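Reading through the structure tokens given below for one structure.
The numbers here are math on the coordinates, done by the rules we state, and not lab data. Quick caveat: nothing in here was measured; it's all calculated off a predicted structure. As a convention, Cβ positions derive from the backbone with ideal geometry for all residues, glycine included, and neighbour counts pool all protein chains shown.
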Amino acid sequence: MDGQRETGVCVIEMSERKKGIDSGAIWGCRRMEIPDGAVFPTLRDELAVLGGQLLVSTLRDMLAGKDTRTPQASDPNAPRAPLITLQDCAVDFRTMTADAIVRRHRAISHQKPMTTLLKTQRTLQLHDPSVFVDPPSEVTEQLSVEGAAIFHPPTKSLVVRCANHTYLSVPMVRQQDRHILQAKEWWNGVKPEMRLVEGSHGPIQFIPFEAY
């Protein structure tokens, strides 16, 4: 989510609960580079395989008397991974670039999809977003502000202007209290009051949650 390029697995000795979670000595560790475009489910599965291999290797070393045990330094101020909240999935196109939104989607969408807010005060989940590199001028010229979006037939997706003149492509959405839809199906039902300038044509506008 924050652009880290490396992850890994460890075999950690169980310790008393009062000493903290994952605070025991480390018996083994393996690092893994995070592949481009990795999402949580696939990364989880790859780490599960790596973790299984590490556990077998560690147990064999124990049986052979070749194991090593490295105590962890005690640091009461060490940061803890926070719970994922609704605030984490709230998209603010004024401050978030397309790349930042996609990274966050890859990290937490298995729990909470990226979500934005329509001018009608209904939420809209953004499913399977990607960075739209070099969108055509006929698209960008219509998206005059961050949060403006329009349907782009060639890619069958919503294109949304994000911070720093970056653009997001969204092929599927789910409006509050509705089923998930292809972007074109949802776009066909857009109401005039959702648009950047109220009417029957033109881009829509997403607004920040603070305006809710």
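Over the Cα atoms of region 1-101, the radius of gyration divided by the Kirkwood radius equals 1.06; this is the Rg/Rh ratio.
Shown here: region 86-211, whose C-alpha atoms stretch 35, 32, 28 Å along the first, second and third principal axes, sorted largest to smallest. For the pair R178 and S200, a Förster radius of 22 Å applied to the C-beta separation gives a FRET efficiency near 0.55, rounded to the nearest 0.05. Rounded to the nearest angstrom and listed largest first, the equivalent-ellipsoid semi-axes of region 90-159 from its Cα gyration tensor are 20, 15, 12. Averaging 1/r across all pairs of distinct Cα atoms in the chain and inverting the result yields a Kirkwood radius of 19.9 Å.
Entry note, the chain: the mean residue ellipticity at 222 nm calculated from DSSP H runs of n ≥ 4, each adding -39500 (n - 2.57), is -6500 deg cm²/dmol after division by the residues and rounding to the nearest 500.
Within the chain, what percent of beta bridges assigned by DSSP are antiparallel, to the nearest 5? Don't jump to the answer; show the numbers that get you there.
Numbers: 35 of 36 bridges.
Of those bridges, close to 95 percent are antiparallel.
With neighbour counts taken as other beta-carbon atoms within 10 Å, the residues M194, M114 rank, fewest first, as M194, M114. Shown in residue order for region 160-173 are the 3J(HN,Hα) couplings computed by the Karplus curve 6.51 cos²θ - 1.76 cosθ + 1.60 at θ = phi - 60°: 10, 7, 10, 4, 6, 6, 9, 9, 10, 10, 10, x, 9, 9 Hz (x for Gly and Pro). If you wrap region 51-117 in the convex hull of its Cα atoms and look at it from every side, the mean projected area works out to 7.8 nm².
Can you pull the Rg over Rh of region 6-64, Cα-only, Kirkwood?
Values: Rg = 13.3 Å, Rh = 12.8 Å.
Result for region 6-64 is an Rg/Rh of 1.04.
Which residues' amide hydrogens lie under 5 Å from the amide hydrogen of T166, considering only partners 5 or more residues apart or on another chain, with H built in the peptide plane? Sorted by chain and number, the residues that satisfy this are A98.
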